[in-house]
Protein chains: 2
Amino acid sequence: MRLITVGSVAFDAIETPFGKTDKIVGGAGTFITLSASFFVKSQGIISVVGDDFPTDTLEFMNSRGINTSGIQIKEGEKTFFWSGKYHNDMNSRDTLITELNVLEHFDPIVPEAFSQADYVMLGNLTPQVQRQVIERMAKRPKLIAMDTMNFWMDIAMDDLRETISMVDVLIINDEEARQLSKEYSLLKASKIIRAMGPKILIIKKGEHGALLFHENHVFFAPALPLEEVFDPTGAGDTFAGGFMGYLAATDDISFENMKRAIIAGSALASFSVEKFGTTGLTEITESDMEKRMQQFVSLTNFEMNQLA
Amino acid sequence: MRLITVGSVAFDAIETPFGKTDKIVGGAGTFITLSASFFVKSQGIISVVGDDFPTDTLEFMNSRGINTSGIQIKEGEKTFFWSGKYHNDMNSRDTLITELNVLEHFDPIVPEAFSQADYVMLGNLTPQVQRQVIERMAKRPKLIAMDTMNFWMDIAMDDLRETISMVDVLIINDEEARQLSKEYSLLKASKIIRAMGPKILIIKKGEHGALLFHENHVFFAPALPLEEVFDPTGAGDTFAGGFMGYLAATDDISFENMKRAIIAGSALASFSVEKFGTTGLTEITESDMEKRMQQFVSLTNFEMNQLA
């Protein structure tokens, strides 16, 4: 198994200016693995749900090559639930409800079959749970990437710094990069954050694209301009899943290949935001995805001539 | 003469979190022509100043191949003056003082030597003055580009729409595009705005780069990530000047060449914001500028492989 992800498998209820859902399937782990499944044909997920979680979702994940034996199903308990409402500009949102439920005492189990994986993606969870997954692998993976959020910077900075120091790639958004580094300039922030441990930093800027930093190299990928952004939930996780899925499938962690992985993640994220929940990811084919990656080529590609 | 620009030549007093200036030379026309001078060796500017404007600035412009015979010097009157203060994030600012002075009754004169130019850049001014310049050319130029701002949308929309309908390229920022089109999605906005006349639309997003729309093509250029943004004043004008200067110098208005022109504008804008006023533009050499254009290549360039 090439890629292992730890992340929430959850219910979301979402309200946007375009509509409203009841409880639908969401969660970082769900978006990451579904996204990665466009590239990697055998992967594992580590998570926890209650007995209220639909088995057909787990079966669908299995059909996409996602081994769900690392998802603990807690009898008599309820699945993590988040509800949020997006503002008109879709760039900010209010959390209406957070019910941790099974996530509150999540003790991640790494199945034997997962423990030799070369690629590990740590979805946004407590820094302690993320660290436990690293420690429970049979060997140090080739590449560990992690996501996190400002919440952990506010309440568990020391713990967070410890986990950050153990990973190769940190994937956070611009606000989080500024909070973590205490620097407004993302270029300066990138240096401070990489001094904390991760050799590679990805700063997500939502509709404004993403930056990849490694040594003295910077790469920028735009977000695809879209007619409608319907539901941004899971866009960042979809991006991370596409990025890690592409790297794991190609097993090439050169900077040149990371650029392609960023484009893969951006392409999948652009589908994700066009529909509610995971629908944008489950409706498309690999051919749709490859076409969209080509759109990024025409969006950004130019030939520099000798100047007049 | 290849390129003619109409735009303010003015004094600015600027306060940013990094420092504060007394009255320094600024104005859209100044930034546009200085920026264009990196590419086009003979150009003209149409503007108006008071007798308080320093002749050595005009001489410096002449030394850069900028013909200033279209700048009227009004005896006993004062040059346009703007003063502003930037907020900590450098993305928003408050205007402290606006003294129109000579600009209040500006009646643009197009010298005979300017009237056959193929490329015309209309800097941000009243839509009426912009239109007068078009009407006073001896022939319809090959490419007319214009900048404008939300202020004219608020107080002179009909007048503005008339001028917009006469140009080939409209260069505005994202907020202005949303206000003009009444659409939040920039992709949708771009269609509505191009239906108003301009075949080509450039939407500037400040530190988030710029989008170029033409027919069903979209091109995106990022802004260069910088350690310090010292003074954003004139960045948009510098961008427009680099864009038009590059097009005029190469005399090629294909979409492929417009992409390069956008990169040229972005490179020059990145220098402009690193210093107060026009200093960022006057201190650099053509070699600095070419190196920076190459940085955009490495920032955005990637090779798409066949997927695994």
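The values are calculated or read from the model by the stated rules, or taken from the named source; none is laboratory data. Since the structure is predicted, the reported quantities are computational estimates derived from the model, not experimental observations. Using ideal geometry, Cβ is built from the backbone for each residue, glycine included, and neighbour counts are taken over all protein chains shown. Just so you know, the surface numbers come from the protein's heavy atoms only, side chains and all, with ligands and any DNA or RNA stripped out. Shrake-Rupley method; radii C 1.70, N 1.55, O 1.52, S 1.80 Å.
Just checking, does region A:198-207 include any residue being open to solvent by 20 Å² or more (accessible area, probe 1.4 Å) and without any contact (Cβ under 8 Å) to a residue 24 or more places away in the chain? Among the residues of region A:198-207, not one is open to solvent by 20 Å² or more (accessible area, probe 1.4 Å) and without any contact (Cβ under 8 Å) to a residue 24 or more places away in the chain, which makes the answer no.
Which count do you get for residues in region B:205-217 that are touching a Pro at 6+ places or on another chain (Cβ under 8 Å) and assigned to a loop (DSSP other than H, G, I, E, B)? The number of residues fulfilling the criteria is 1. Residue check: B:Leu180 meets all listed conditions (1) in a helix (DSSP H, G or I); (2) facing chain A (nearest Cβ under 10 Å) but one, namely (2). With respect to A:Asp288, is the statement that it is charged (D, E, K, R) and touching a Phe, Trp or Tyr at 6+ places or on another chain (Cβ under 7 Å) true? Here the answer is no, as A:Asp288 does not meet what is asked.
Of all residues in region B:70-94, those satisfying the criterion of being among the polar types (S, T, N, Q) and open to solvent by 80 Å² or more (accessible area, probe 1.4 Å) are B:Asn88, B:Asn91.
If the condition is being under 23 Å from B:Gly209 (Cα atoms), over 14 Å from the mean Cα position of the chain (by Cα) and open to solvent by less than 30 Å² (accessible area, probe 1.4 Å), then region A:227-262 contributes A:Met258, A:Lys259, A:Arg260.
Within region A:38-65, restricting attention to residues that are within 15 Å of A:Thr282 (Cα to Cα), in contact (Cβ under 8 Å) with a residue 24 or more places away in the chain and away from every other protein chain (no Cβ under 14 Å), the residue that is least open to solvent (accessible area, probe 1.4 Å) is A:Met61. Every condition in (1) away from chain A (no Cβ under 14 Å); (2) among the acidic types (Asp, Glu); (3) crowded, with 17+ Cβ neighbours inside 10 Å holds for B:Asp174 except the one numbered (1). Note on region B:177-189: among residues that are of a type in the set (S, T, N, Q) and free of Cβ contacts under 8 Å to residues at least 24 places away in the same chain, the one that is surrounded by the most Cβ atoms within 10 Å (Cβ to Cβ) is B:Ser181.
Whether a residue is at pLDDT 90 or above, in contact with a helix residue (DSSP H, G or I) (Cβ under 8 Å, 6 or more places away or on another chain) and under 23 Å from A:Gly29 (Cα atoms) was assessed, and A:Phe271 passes this test.
Within region B:130-142, can one find any residue that is at pLDDT 95 or above, within 28 Å of B:Lys23 (Cα to Cα) and surrounded by fewer than 19 Cβ atoms within 10 Å (Cβ to Cβ)? Within region B:130-142 (the criterion being at pLDDT 95 or above, within 28 Å of B:Lys23 (Cα to Cα) and surrounded by fewer than 19 Cβ atoms within 10 Å (Cβ to Cβ)), the answer is no, since none of the residues qualifies. Counting only helices (runs of 4 or more DSSP H) that sit wholly inside region B:218-308, those with at least 2 residues that are facing chain A (nearest Cβ under 7 Å) and of a type in the set (Val, Ile, Thr) are B:286-300.
Among the criteria (1) closer than 28 Å to A:Val229 by Cα; (2) under 19 Å from the mean Cα position of the chain (by Cα); (3) open to solvent by 10 Å² or more (accessible area, probe 1.4 Å), the one A:Arg2 does not fulfil is (1). Residues in region A:184-204 that are more than 18 Å from A:Ala240 (Cα to Cα), part of a loop (DSSP other than H, G, I, E, B) and at pLDDT 95 or above: A:Ala195, A:Met196, A:Gly197. Go through (1) open to solvent by 10 Å² or more (accessible area, probe 1.4 Å); (2) out of contact with any Pro (no Cβ under 9 Å at 6 or more places or on another chain); (3) at pLDDT below 95 for B:Met289 and report which single condition fails. Result: B:Met289 fails condition (1) only. The number of residues in region A:95-111 being under 30 Å from A:Pro17 (Cβ atoms), surrounded by 12 or more Cβ atoms within 10 Å (Cβ to Cβ) and out of contact with any Asp or Glu (no Cβ under 9 Å at 6 or more places or on another chain) comes to 4. Going through region B:9-26 one residue at a time, which ones are open to solvent by 10 Å² or more (accessible area, probe 1.4 Å) and within 19 Å of B:Ile66 (Cα to Cα)? If the condition is that a residue be open to solvent by 10 Å² or more (accessible area, probe 1.4 Å) and within 19 Å of B:Ile66 (Cα to Cα), then B:Phe11, B:Val25 are the ones that fit.
Every condition in (1) surrounded by 24 or more Cβ atoms within 10 Å (Cβ to Cβ); (2) within 14 Å of chain B (Cβ to nearest Cβ); (3) not aliphatic (A, V, I, L, M) holds for A:Thr148 except the one numbered (2). For region A:267-280, the set of residues classified as open to solvent by 10 Å² or more (accessible area, probe 1.4 Å) and not β-branched (Val, Ile, Thr) consists of A:Ala269, A:Phe271, A:Glu274, A:Lys275, A:Phe276, listed by residue number.
Residue under question is B:Glu75, and the condition is that it be out of contact with any Lys or Arg (no Cβ under 8 Å at 6 or more places or on another chain) and in contact (Cβ under 8 Å) with a residue 24 or more places away in the chain; does it hold? Judged against the criteria, B:Glu75 is a match.
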